[in-house]
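These notes are about the structure you will find just below.
The values are calculated or read from the model by the stated rules, or taken from the named source; none is laboratory data. Remember, it's a predicted structure, so these values are computed and weren't measured experimentally. All Cβ positions, even for glycine, are placed from backbone atoms using ideal geometry, and neighbour counts span all protein chains on display.
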Amino acid sequence: MNGPVWLPLSLCSFGPGIGMLAYYIFYKDQYYFYYNLGYTKKKLALMVFACNAIIALPFLLIYLILRS
């Protein structure tokens, strides 16, 4: 696989995990804010993954269509 394919795949797979780890390290106290609004860590992680997929998958589809 070449470069343009790796961007959406890495955004959808590694991005949320690295983002959640960095958020846990640097902004640990802000989880209480989200928890008070009714969001658990699991729900936040799923929402981040869904947003990344919504952003990345159209780019991947456009690339695959233009490639063929």
Any chance you could count how many residues in the range 6-27 are hydroxyl-bearing (Ser, Thr, Tyr) and in contact with a helix residue (DSSP H, G or I) (Cβ under 7 Å, 6 or more places away or on another chain)?
-> 0
List the number of the failed condition for Ser68; all other conditions in (1) surrounded by 13 or more Cβ atoms within 10 Å (Cβ to Cβ); (2) out of contact with any helix residue (DSSP H, G or I) (no Cβ under 8 Å at 6 or more places or on another chain); (3) among the small types (Gly, Ala, Ser) hold.
-> (1)
Expected single match for out of contact with any Leu (no Cβ under 9 Å at 6 or more places or on another chain) and closer than 29 Å to Ile65 by Cβ among Leu21, Leu11 is Leu11
Exclusive hit being surrounded by fewer than 12 Cβ atoms within 10 Å (Cβ to Cβ), aromatic (Phe, Trp, Tyr) and modelled with pLDDT under 80, set Phe26, Phe33 | Phe33
Within the range 1-43, tally of residues that are within 29 Å of Tyr63 (Cα to Cα) and free of Cβ contacts under 8 Å to residues at least 12 places away in the same chain = 9
Residue hits (the range 36-48; outside any loop (DSSP other than H, G, I, E, B) and either exposed (fewer than 11 other Cβ atoms within 10 Å of the Cβ) or in contact with a helix residue (DSSP H, G or I) (Cβ under 8 Å, 6 or more places away or on another chain) (or both)) are Asn36, Lys41, Lys42, Leu44, Ala45, Val48
